[in-house]
Each structure stands twice: as C-alpha cells, then as structure tokens.
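First the structure, then my questions, so here it is.
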Amino acid sequence: MHQIRIGNLEIDVFRKDIKNLHLAVYPPNGRVRIAAPLKSNEESIRLFAVSKITWIKNQQKKFHEQVRQSEREYVSGESHYVYGTRYLLTVIPDSPKNHVNIRNKTYLDLYVKKGSTKEQREKVITEWYRKQLKSEIPQIIEKWQDIMCVEVKDWGVKKMRTKWGSCNIENQRIWINLDLAKKPKHCLEYVIVHEMVHLLERNHNDQFVAYMDRFLPQWRIIKNELNKLIFY
Ligand SMILES: [Zn+2]
C-alpha cells in the first residue's frame, strides 16, 4: 500500500491482480481507497482519482452528515426512529416517573424526572427500545422455528457496533443488535432468520445462501437496505 495526495485529499493505493481501477470511500471518516491493477502506472492512477474528485467529496460529505445526525442530545424537536418510522422527540421534564410513549403517530414523548442529564434521557429511551425488541422477537423466533425446524434455546438484545446479530451455535443462542428497534420490522426479521440459519449451517457458504434463498427470497434487498446504514 502507498499513498497519493491530490490537494488536501490523501488516497490509499493498493495493487491487486484485477483488470480495472476501483475506487471506494469508507465510513465513518470518508477514507479513500483505490485498488489498482498490478501493472498500472502512477500517472493513470492519479488521473483516475482526479476524474472522481467530485464524487469522492460528495461521498465524504454524506458520511459527515450522517455522523452529525447520529449525535443526539435527547431534547425536544430531534428526530428519532422507531421501526423505520420517524418521530419527533418531545421531552416532558419534571415527570414523576421516567417513561416513553408514542403519541398521534407523530411524537415520541419522553417523560423524565427533574434535572435529567443527556445520559439519563438516553438511557430511558435505550431501555424503551430494548423493551420494544423484547416484545417483538419471541413471535418472530417462534414462527421461524416451525418453518426451519431448528430450536433457539436462548436469545438476547445488546448494543453491537459492527454487527446486526450473532449466533452462538453450541448454545443455540442468538443476539440481536439493539439498533434494530430503529429499523423497519422486516430488517429485524431478516437478521433473526440469518442468525437462525446458522443453526443449520455455520459458515456463509453456498449452502447458507441456499437456505436464505429458500426461507427469505428477498433477503438480498433487505441486506442492502441495512448496509446503507452506518454504525457509530
Ligand atoms: Zn452470519
């Protein structure tokens, strides 16, 4: 790997046994990477990068906006998502009890005790998200246990930074990412099905894909939908 510089832009260049130059910008910081054929010369790589500058800058801008959006203060007026639907947060301070309520299909009312900090408000919402998932997951698992003839012995919800779910095959236990409470329900179902297929096939091989095609023929579309979303 080496780097080239165009203006204030640094680009990592990798040589690979490929036919064409390939460019990618990666979240969350907008790192730029070019994969180049083994025999390509420096000049052609540089020209290629220059021709893509506008696209690179646009991608980087998009990532930075997403990072900004993900920084929440948990104050009134912010957008928060529940199962793919956007709600406007309304903080109701000085409440006798912490709780969360959806109102008029529009507002996410957050009742908090007097003098709540951002961290406390975040925790109330996080626990509410956890409760939403915990009431939804059992019926999805039950449905798919019957279809797939496998048994999930235990499951849980937790914060995960790089994965939507995981499966411990030996213990027949699956873990679901807490952030799935913000995504459409079909995304939650897709992740559960994926993890449950691991009880039939450990690896992401052809057999695994064949199971996914059989159980959830539209799984690729849902996977793409999820991969467009970025973790922080
Ligand atoms: Zn997997």
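Placing +1 on the Cβ of each Lys and Arg and -1 on the Cβ of each Asp and Glu in the chain, which of S70, I137, V150 has its Cα farthest towards the positive end of the resulting dipole?
Looking along the dipole axis, the top candidate is S70.
Just tell me which lysines come within less than 30 Å, Cα to Cα, of K52; anything on the same chain fewer than 8 places away is out.
Leaving aside lysines fewer than 8 places away in the same chain, those within reach of K52 are K16, K19, K39, K61, K62, K223, K228.
Can I ask one more? Skipping prolines and chain starts, which residues have an amide H placed within reach, meaning under 5 Å, of the one on K52, given they are 5 or more residues away or on another chain?
none
Please state the shape class of the chain: rounded when a/c is under 1.5, otherwise prolate if a/b exceeds b/c and oblate if not, all from the C-alpha gyration tensor. Walk me through the numbers on the way to the answer.
Details: a/c = 2.87, a/b = 1.32, b/c = 2.18.
Since a/c reaches 1.5 but b/c is at least a/b, the shape of the chain is classed as oblate.
Taking every DSSP beta bridge with both residues inside the chain, roughly what % is antiparallel (nearest 5)? It would help to have the intermediate numbers written out before the result.
Values: 23 of 39 bridges.
Of those bridges, close to 60 percent are antiparallel.
If R₀ is 30 angstrom, what is the calculated FRET efficiency for the pair D17 and H204, using the beta carbon separation as r and rounding to 0.05? Could you put the intermediate results ahead of the total?
On the way: r = 23 Å, r/R0 = 0.77.
Approximately 0.80, to the nearest 0.05.
Mind checking the dipole of segment 11-87: about its Cα centre, +1 per Lys or Arg Cβ, -1 per Asp or Glu Cβ, Debye to the nearest 20? Don't skip to the answer; put the middle values down first.
Details: 14 positive and 8 negative charges, 59 e Å.
Value, rounded to 20: 280 debye.
Quote the FRET efficiency, to the nearest 0.05, computed for I4 versus R161 with a Förster distance R0 of 41 Å and r equal to the Cβ-Cβ distance.
Working: r = 31 Å, r/R0 = 0.75.
With a Förster radius of 41 Å, E is 0.85.
Another question, then. Mind listing the long-range amide H neighbours of S76? Cut-off is under 5 Å, sequence gap 5 or more, other chains count too, H placed in the peptide plane at 1.01 Å from N.
HN-HN under 5 Å from S76: V91.
Just by accessible area at a 1.4 angstrom probe, what is the order of C149, C167 from largest to smallest?
Most to least solvent-accessible, the answer reads C149, C167.
Using a cut-off of 12 Å between beta-carbons, work out the net charge of the residues near I92 (Lys and Arg +1, Asp and Glu -1, I92 not included).
Values: positive: K97, R103, K113, K114, R121; negative: D94, D109.
Net charge around I92: +3.
Now for a separate question. State to the nearest 20 debye the size of the charge dipole of the chain about its Cα centre, where the only charges are +1 on K and R beta carbons and -1 on D and E beta carbons. Could you put the intermediate results ahead of the total?
Values: 41 positive and 27 negative charges, 133 e Å.
So the magnitude is around 640 debye.
Between the DSSP loop rule and a limit of at most 11 other Cβ atoms within 10 Å, which GluC sites (Glu not before Pro) in segment 138-193 are left? Each step should come with its number before you reach the end.
Values: sites: E142, E151, E170, E189; in loops: E151, E170.
Here the GluC sites (Glu not before Pro) that fit, given the DSSP loop and packing criteria, are E151, E170.
Next question, about the same structure. Dipole magnitude of segment 44-149 about its Cα centre, charges +1 at Lys/Arg Cβ and -1 at Asp/Glu Cβ only, in debye to the nearest 20? Numbers along the way, then the final one.
On the way: 20 positive and 12 negative charges, 82 e Å.
It comes to approximately 400 debye.
The values are calculated or read from the model by the stated rules, or taken from the named source; none is laboratory data. This structure is a prediction, so every number in the text was calculated from the model and none was measured. Note that each Cβ is placed from the backbone with ideal geometry, even for glycine, and that neighbours are counted across all protein chains shown. With ligands, DNA and RNA removed, areas are computed over all heavy atoms of the protein, side chains included. Shrake-Rupley method; radii C 1.70, N 1.55, O 1.52, S 1.80 Å.
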